[in-house]
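The values are calculated or read from the model by the stated rules, or taken from the named source; none is laboratory data. Model, not experiment: these values are computed from the prediction. Note: ideal-geometry Cβ built from the backbone for every residue, glycine included; neighbour counts use all protein chains shown. Ligands, DNA and RNA are excluded from the accessible area calculation, which covers all protein heavy atoms including side chains. Shrake-Rupley method; radii C 1.70, N 1.55, O 1.52, S 1.80 Å.
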Amino acid sequence: MASFPDCVNENDLDKAKFVGELLVPVAPFDQKSGREAWTVAFAPNGSYFAWSQGHRIVRLIPWNKCLKSFSLSAGEEGTNPTSPRHLSRQNSDGGVTIPLADEPREHTIDCGDVVWGLAFGSSVPEKQSRCVNIEWHRFKFGQDQLLLATGLNNGRIKIWDVYSGKLLLNLMDHTDVVRDLTFAPDGSLMLVSASRDKTLRVWDLKDDGNMVKVLRGHQNWVHCCSFSPDSSILCSVGAGKAVFIWNMDKYTLIRKLEGHHNDVVSCEFSPDGALLATASYDTRVIVWDHHKGTILLELGHLFPPPSPIFAGGANDRWVRSVSFCPDGRHIASITDDRFVRFWSIEERAPQAIASLSNGLCCAFSAEGSVLAAGTRDGSVHFWEAPRSIASLQHMCRMALRRVLTTQQVEALAIPTPLQDYLTYKVV
């Protein structure tokens, strides 16, 4: 068994450039809790990086500070016009507007229990709550509010103000571990939590954290959930072979995607919402057209590919995490064979690799130039992502697919080759 196909020489693959790492303090905290970094996350505006470093602790670090400590130029990441130095914020209790300092503050948060899930939520762009009597609410979020949600081992979800480190809400309804969290990208501050109690729960933070809906359908643990870029669709995966696609306007199940042979543990949509990547213990990452439920691309991590019987059992090539790069052209995966792989959606072999032992999770920075990966010892490692100039064709395709589904593209009176390109059938 090999980690790469016969046509690929591992020594010929590009090695991703190592940027730096964040290590866990040597001094022990609570020995009853683990050290694993189960989740890493970047703020939508690129201002902060957060990770669960084990021992109930979450670290919030200004991303520009990380870049400077890694001796990287902060020019590309720091030119984001929504960078915090360009913003002023309103206190969560409706207080006066306070100008932000040039350097956001670093915070160390003790969440009181093992942290499994993390998610940043932003109220930019501004979108009204679905609740009618919003003027009676305890919290009046400003237009540039930035929140951090933490999912805990005891089933609770704690909501924190990123700028102050203050605890805002304590959401209690799950009966088991909250494994993953995701905010709607539209600024509505709608939060979805995935739990080992076999449910997903939808919370409206602009309605003081009111639970809006319980999504049922999983027969076992739910490992991961992810919103589409337009917030209309949710994907959820768990201890089962199916990938669940939900309509978040009606809170109904649209379809189940069948194709994996083992538990599916990670999922993420492409930036244009046209593609969905899922990672499984069956040693594969599958790229789907979720609108039609078809498989467009399979990225293997074990060769020759295992039979469904073997893929459904124990092996040392479990894929732990998958992440879509904001450029829409690259994917990263973390596996148990001690490799980080950077893929192009146009190729079936990795574009670059990096060594990583005991990796658990990964996420691209807001601008897509850096990949962060968390490990079992609570540390985080960073690599430069592959860089290339996107073609005008690809940029136009992404712009079009942000507003059109696959079925709508197929209904256009355009040549078949162009239709295939727009629906990613030629990847």
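Below are the figures for this structure:
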{"read-out": "Filtered residues of region 389-420 (kept if in a loop (DSSP other than H, G, I, E, B) and open to solvent by less than 60 Å² (accessible area, probe 1.4 Å))", "value": "Ala390, Ser391, Leu404, Thr405, Ile414"}
{"read-out": "Residue match in region 395-404 (condition: out of contact with any Cys (no Cβ under 6 Å at 6 or more places or on another chain) and at positive phi)", "value": "no"}
{"read-out": "Candidates Asp337, Asp289, filtered to the one that is open to solvent by 10 Å² or more (accessible area, probe 1.4 Å), touching a Ser or Thr at 6+ places or on another chain (Cβ under 8 Å) and among the acidic types (Asp, Glu)", "value": "Asp337"}
{"read-out": "Residues (at pLDDT below 65, among the charged types (D, E, K, R) and either touching a Gly at 6+ places or on another chain (Cβ under 8 Å) or part of a loop (DSSP other than H, G, I, E, B) (or both)) located in region 102-136", "value": "Asp102, Arg130"}
{"read-out": "Close pairs (6 angstrom Cβ cut-off, 6 or more residues apart or separate chains): more than 12 Å from Thr39 (Cα to Cα) in region 373-385, basic (Lys, Arg) anywhere", "value": "Asp377/Arg35; Glu384/Lys17"}
{"read-out": "Residue that is closer than 30 Å to His55 by Cβ, open to solvent by 20 Å² or more (accessible area, probe 1.4 Å) and assigned to a loop (DSSP other than H, G, I, E, B), where the choices are Ala366, Ala349", "value": "Ala366"}
{"read-out": "Tally of residues being out of contact with any Leu (no Cβ under 7 Å at 6 or more places or on another chain), more than 17 Å from Ser122 (Cβ to Cβ), in a strand (DSSP E or B) and in contact (Cβ under 8 Å) with a residue 40 or more places away in the chain across region 188-201", "value": "1"}
{"read-out": "Positions within region 185-202 being within 15 Å of Trp246 (Cβ to Cβ), open to solvent by less than 10 Å² (accessible area, probe 1.4 Å) and of a type outside the set (Ser, Thr, Tyr), in sequence order", "value": "Leu191, Val192, Ala194, Leu200, Val202"}
{"read-out": "Breaking point among (1) part of a helix (DSSP H, G or I); (2) open to solvent by less than 10 Å² (accessible area, probe 1.4 Å), for Ala372", "value": "(1)"}
{"read-out": "Subset tally (residues that are closer than 15 Å to Thr405 by Cβ and touching a His at 6+ places or on another chain (Cβ under 6 Å)) for region 229-269", "value": "1"}
{"read-out": "Meets criteria (open to solvent by 10 Å² or more (accessible area, probe 1.4 Å) and of a type in the set (S, T, N, Q)) for Ser69", "value": "yes"}
{"read-out": "Pair list, Cβ under 6 Å, 6 or more apart: region 149-168 residue over 16 Å from Ala194 (Cβ atoms), other residue surrounded by 20 or more Cβ atoms within 10 Å (Cβ to Cβ) and small (Gly, Ala, Ser)", "value": "Ile159/Ala149; Asp161/Ser92; Leu168/Ser92"}
{"read-out": "Hey, Asp377 more than 18 Å from the chain's Cα centre (by Cα), outside any strand (DSSP E or B) and closer than 20 Å to Ser69 by Cβ or not", "value": "yes"}
{"read-out": "Residue check, Thr175 in contact with a strand residue (DSSP E or B) (Cβ under 6 Å, 6 or more places away or on another chain) and among the polar types (S, T, N, Q)", "value": "no"}
{"read-out": "Hits in region 146-179 - residues which are assigned to a strand (DSSP E or B) and closer than 14 Å to Ala50 by Cβ", "value": "Leu146, Leu147, Leu148, Ala149, Thr150, Gly151, Lys158, Ile159, Trp160, Asp161"}
{"read-out": "One residue from Thr294, Thr278, Thr252 being open to solvent by less than 40 Å² (accessible area, probe 1.4 Å) and among the hydroxyl-bearing types (Ser, Thr, Tyr)", "value": "Thr278"}
{"read-out": "Hits in region 356-368 - residues which are at pLDDT 95 or above and farther than 19 Å from Phe269 by Cβ", "value": "Leu356, Gly359, Leu360"}
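To keep it simple, each residue is scored yes or no on (1) in contact with a helix residue (DSSP H, G or I) (Cβ under 6 Å, 6 or more places away or on another chain); (2) modelled with pLDDT under 95; (3) not acidic (Asp, Glu).
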position	(1), (2), (3)
Gly273	no, no, yes
Thr278	no, no, yes
Val287	no, no, yes
His290	no, no, yes
Gly293	no, no, yes
Glu298	no, no, no
Pro304	no, yes, yes
Phe310	no, yes, yes
